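Chemist: Have a look at the structure that comes next, please.
The values are calculated or read from the model by the stated rules, or taken from the named source; none is laboratory data. Because the structure is a prediction, the values reported are computed rather than measured. Just so you know, the surface numbers come from the protein's heavy atoms only, side chains and all, with ligands and any DNA or RNA stripped out. Shrake-Rupley method; radii C 1.70, N 1.55, O 1.52, S 1.80 Å.
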Amino acid sequence: MQRLDRLERVTDLLLVLLDTPRALSLREIANRVPGYPDGHGARRQAFERDKRLLRDEGVPVLVESVEGDDQLGYRVDPDSYYLPDLGLEPEEQAALNLAVAGVHLGEPIGRDALLKLGAGGETPLRTAAAPLVDLRSVDALPALPLLFDAVRQGAVVEFAYRGTRRHVDVAGLRFRRGRWYLIGFDRDRGEARTFRVDRIEGRPELGAASTARVPADLDVDAAFSRDPWQYGTGEEEEVEVLVDGAESGRVVAELGEEAVVRRADDGGVVVRLSVSDRYAFLLWVLDLLDHAEVLAPPAVREAVTERLLATVGAGGDHR
């Protein structure tokens, strides 16, 4: 089971590194790929093993300088990874996707083969900076192939989401921690929104090609990379965190001034977050080490304490 979990994690890592147009720090990777340990040292060791495995299999994992404390970021160069363009027509590409799914190539080697076969050259999906379809999700996510079509065609989509009809100008699809997300301009709400694909009810209805009207200032990666704790399945809860003066500037820059509840004379701040994914929040707050303290609610404060005790009990590295 441990080997299977690692194979799944490495496959998810490959999808994320192919999906990003910029290098991601280890912290950002851990937010998007499930299965990495909590402690920084243990997480780094696990990632280095996964990176070495990908490189041993011929995947061109690049290391680039990034801004911030992490200094180094990682991505996979699609031009070096994908095979040359096979010149497939859209109908031929759809047939290839169906054939691969039909012979149960959902294991990592099958997903790898489909990515290489289907995303070569300057195809529309490559332009959208997203891999084709995670085949584990084909049966469970009937909306996903249609949403990829919407990205490719620049079409507006209509679908039911939590019991409400939504009309969305699709801007992009992204993958994080084993789940797919749709980012677009919600015409009914009049603003950019992120939707979990597995929560879309039934099959979306696509408008005509080129009917999507995505605002020019909608940055898909900026919208998706912020606040991963907001994309969970749990009930939303308001969490207050005290951050000391050593990290307050970076945290406020990351969350925005609107998250600040109050400022302390010593330079510290109290920020308030809306959390529906407690696991993603725990990863974020534990990365701040002893520079942050959860003040409320008690249940989240207790969850942080339990996670710390469990990590200590497992011999985790907390440097």
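Chemist: Enumerate the amide H contacts of Ala296 below 5 Å, restricted to partners 5 or more residues apart or on another chain; note that Pro and chain-start residues carry no placed amide H.
Modeler: Sorted by chain and number, the residues that satisfy this are Glu240.
Chemist: I need the phi-derived Karplus couplings for region 43-59: 6.51 cos²θ - 1.76 cosθ + 1.60, θ = phi - 60°, integer Hz, Gly and Pro marked x.
Modeler: 5, 4, 4, 5, 5, 4, 5, 5, 5, 5, 4, 4, 5, 5, 8, x, 7
Chemist: Ok, one more. Please compute the per residue accessible area over region 11-68 with all protein chains in place, 1.4 Å probe, rounded to a whole number of Å². Numbers along the way, then the final one.
Modeler: On the way: 2320 Å² over 58 residues.
Using a 1.4 Å probe on heavy atoms only, each residue of region 11-68 averages 40 Å².
Chemist: Oh, and also: Could you give each residue of region 195-205 its phi-based ³J(HN,Hα) in whole Hz, using Karplus coefficients 6.51, -1.76, 1.60 with θ = phi - 60°, and x for Gly or Pro?
Modeler: Rounded to whole hertz, the list is 10, 6, 5, 6, 9, 6, 8, x, 9, x, 9.
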